[in-house]
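Here is the structure we will look at.
Values quoted throughout were computed directly from the atomic coordinates according to the rules given, and no laboratory measurement underlies them. For clarity, every value in this text was computed on a predicted model and none was experimentally measured. Every residue, glycine among them, receives a Cβ derived from its backbone with ideal geometry; neighbour counts consider all protein chains shown.
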Amino acid sequence: MFGFTFTVFLSAFQLLPTAPFHILDLGGSKFAAGLFLGLLTYSSAFSAPLTGGLADRVGKRRMLIVGSLAIAGFSSIYAVLRDYRILLALVLVHGVFWSGLLSASSAYITDIIPPHRRAEGISYWGLSNILAIAVAPQVGFAIYARGWGSVCAATAALNLAMAVIAWRLPPDVRLRPGTHHGPLIEWHVLLLSITLFLYSFGYGGITSFVALYADANGVAPKSIFFTAFALAILVTRPLSGRLSDRIGHRRVFLPCLGLIVAGLALLALDGSRRGLVTAAIVFGIGLGSAYPAYAAYVMHHVPDSRRGAAFGSILAAFDTGIGTGSITTGWIAQRAGLSTAYAFGAVLATLSIPFFLIVERRFLRAERTPAERAIG
């Protein structure tokens with residue numbers, strides 16, 4: 001599954017940074033170029049609760065195979081299109097299959113990780129996309145130098161490799177005959193996952209504009225935030241996952257929300273080289289450790305037959321936050337500067353803490369540690 005997800009993101013992040021340049025070559029505007037990622041993200045976010053529930057019904061492994069083959073097909077079609085408007089229309093459908101891949105793979109990995117090591121397993125597995133994102137854009141641009149068709153061919157080949165990996169995976173964990181899946185959308189998880197929307201908003205603004213922020217403050221290299229951020233996640237995520245399983249997922253998740261707030265606040269207050277590195281480390285520890293703890297916590301409260309739907313709801317909230325944060329941060333920055341935009345992100349992230357506590361109390365029972373569950 002690490003290999004499958006690494007290939008998923010290696011493929012996607014060769015296509016995503018190069019597609020805007022191809023749209024510009026086809027005569028599209030900068031706004032149209034930016035729509036490729038925006039439309040993919042929102043399409044994935046809005047369809048994820050449905051595709052996640054569908055994975056529960058048709059089988060997660062089957063969803064991985066179908067999604068991989070479908071995206072290989074889209075990549076092949078992108079190579080021959082000469083109208084960027086058709087390309088943008090197709091990316092809306094592409095996003096639906098992308099959400100199916102992410103929801104089904106998350107649910108599949110949860111099925112095979114022992115419950116008492118769930119956060120640790122999700123932490124290790126989650127490093128696959130971080131490593132892929134670290135190398136994929138450079139690979140993508142190197143291939144793009146040979147032409148857009150070469151990028152599409154490489155992406156299609158990687159997706160076919162994904163389909164082969166998925167086909168070779170063990171079959172899904174079989175549920176008892178007559179298991180009731182319930183509605184397609186896991187509404188309680190979707191509502192609770194607004195917590196993720198509130199803190200991923202700032203992450204969206206960082207992803208799109210922190211390099212510009214560094215450049216405006218005379219910091220070199222411009223990618224220094226991302227380097228420190230990635231290293232912080234790689235070092236701390238496996239440790240925090242193990243700690244989360246040992247002392248309780250909630251006890252790790254809540255301090256992580258505080259670290260996310262602190263990281264955004266530090267970014268808003270100090271745009272110097274030292275400020276960016278410090279903010280990146282604090283934010284990276286918080287963001288990198290929060291998701292495994294949250295996912296493991298939610299899965300403790302969701303029936304086995306609803307894991308795909310639950311992950312679909314989590315993905316919907318997180319991706320919507322990233323997309324909205326990117327767009328809104330640009331709007332605020334144009335009027336009041338990036339420091340103000342990141343301060344706004346910190347305020348929204350602060351709201352995630354009381355929101356989680358209120359909604360959790362209403363919809364979820366209190367979590368017990370593995371040791372407490374073992375003794376009943």
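The convex hull drawn around the Cα atoms of the chain, when projected onto a plane and averaged over every direction, covers 17.9 nm². Ellipticity at 222 nm from helices only: DSSP H runs of n ≥ 4 in the chain, each -39500 (n - 2.57), divided by the residue count, give -29000 deg cm²/dmol. The fraction of all Cα pairs in the range 187-374 landing in successive 10 Å bins from 0 to the largest distance is 10, 37, 34, 15, 4, 0, given as whole percents. Footprinting exposure proxy ranking of K30, K60, K222, fewest other C-beta atoms within 10 angstrom first, gives K30, K222, K60. Projecting each Cα onto the charge dipole of the chain (Lys/Arg +1, Asp/Glu -1 at the beta carbon, about the Cα centre), which of I327, V347, P238 comes out farthest on the positive side? Towards the positive end, the residue furthest out is P238.
Given contacts defined as C-alpha pairs under 8 Å and at least six residues apart, what's the relative contact order of the range 187-374, whole-number percent?
About 41 percent, as a whole number.
Between F363 and L69, the modelled labels are 3.5 nm apart [label points 7 Å from Cα along Cα→Cβ]. In this Cβ point-charge picture (+1 for Lys and Arg, -1 for Asp and Glu), the chain has a dipole of about 560 debye about its Cα centre.
The alpha carbon centroids of the range 299-365 and the range 59-86 are separated by 28 Å. Structural size metrics of the range 2-168, computed from C-alpha coordinates, are Rg and Dmax of 15.9, 54 Å. Within the listed set G241, G308, G59, the Gaussian network model of the chain (springs between alpha-carbon atoms below 10 Å) gives the highest mean-square fluctuation for G59.
Relative contact order (percent) for the range 2-168, with alpha-carbon contacts under 8 angstrom and 6 or more residues of separation?
With pairs under 8 Å counted, the relative contact order is 45 percent.
Using C-alpha pairs below 8 Å separated by at least 6 residues, the relative contact order for the chain is 27 percent. For the range 184-296, the Kirkwood estimate of the hydrodynamic radius, built from every pair of different alpha carbons, is 14.6 Å.
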